[in-house]
1. Inside the stretch 41-75, can you point out the residues that are at pLDDT below 95 and in contact with an Asp or Glu (Cβ under 8 Å, 6 or more places away or on another chain)?
2. For the stretch 95-124: of the residues being within 15 Å of the chain's Cα centre (by Cα) and among the small types (Gly, Ala, Ser), which is surrounded by the fewest Cβ atoms within 10 Å (Cβ to Cβ)?
3. Of all the residues that make up the stretch 96-123, how many are closer than 14 Å to SER29 by Cβ and of a type in the set (Gly, Ala, Ser)?
4. Return the pair list, or none, for Cβ contacts closer than 6 Å from residues in the stretch 101-128 that are at positive phi to residues that are assigned to a loop (DSSP other than H, G, I, E, B) and hydroxyl-bearing (Ser, Thr, Tyr), at least 6 apart or on different chains.
5. Would you pick out the residues in the stretch 44-59 that are among the small types (Gly, Ala, Ser) and more than 17 Å from ASP94 (Cβ to Cβ)?
6. Show the residue pairs that are 6+ apart or on different chains and have beta-carbon atoms under 7 Å apart, the first residue being within the stretch 28-40 and closer than 16 Å to GLY67 by Cβ, the second being among the aromatic types (Phe, Trp, Tyr) and surrounded by 16 or more Cβ atoms within 10 Å (Cβ to Cβ).
7. Within the stretch 53-78, track down each residue that is assigned to a strand (DSSP E or B) and small (Gly, Ala, Ser).
8. Contact list please: Cβ distance under 8 Å, first residue in the stretch 72-87 and surrounded by fewer than 17 Cβ atoms within 10 Å (Cβ to Cβ), second residue of a type outside the set (Ser, Thr, Tyr) and not in a strand (DSSP E or B), pairs at least six apart or on different chains.
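The values are calculated or read from the model by the stated rules, or taken from the named source; none is laboratory data. Please read these numbers as outputs of a predicted model, since none were measured by experiment. Glycine gets a Cβ as well: all are built from the backbone with ideal geometry, and neighbour counts include every protein chain shown.
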Amino acid sequence: MTRRLLLTFTLIGSCGLSFPVRAAAPAPSATGGLVKELTDLLTAQKLDAVATRLDGETFAAALYIPGSELIAISAKYAAPPFLNEKILGRKYNDAYADLSTTPASDSKVLIEDVKADGIRAQPGKGEASDTVTRGTSAPFQLDGKWKDRKIAQDDYTKAFQDAEAAYRKILEALIAELKKH
């Protein structure tokens, strides 16, 4: 029986026939663990938003829509004491709203993490892609379709890595804010 199987596979191979190979699953997100930690803290504290000061005039905030997405932002804010007061008073929704309506500038980074599971360079089959918007640039879909955009794969990979680093920084700061309470 094993000789017959071997002979069959040899014949199939020599005829140039092949079996379909299942596409590889997308790589796990490096930010997924941080997102889970943040969303667990938000849920435990019965919050849907959080905000914190990153440095000087730069702040970070996130809005969590359970079962749907996590929207994170970082940007410079024109009136730091005003926003800082909201954060100290745990008025996180107000701080998020203020920061998200800040006019676009080079400092602004907006990340839409669909499914709130960490951003990926390419979504799984049939899944929506995460989006990153920097400054006044158009939103950048993390859909893995660099060819469709007529950009090099290395440029796409670099854009994703930059977004991932920014997201990691935002998530770590927001987690630290929630752990204070």
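1. PRO66
2. GLY124
3. 3
4. GLY118/SER29; GLY118/THR31
5. Taking the stretch 44-59 and keeping what is among the small types (Gly, Ala, Ser), we get 44, 49, 51, 56.
Scanning the stretch 44-59 gives ALA44, GLY56.
6. Correct list of pairs: THR39/TYR64.
7. At the first step, the residues of the stretch 53-78 found to be assigned to a strand (DSSP E or B) are 53-55, 58-65, 69-76.
Those that are assigned to a strand (DSSP E or B) and small (Gly, Ala, Ser): ALA60, ALA61, ALA62, ALA72, SER74, ALA75.
8. Listed pairs, sorted by first residue: ALA78/GLU57; PRO80/GLY56; PRO80/GLU57; PHE82/ASP98.
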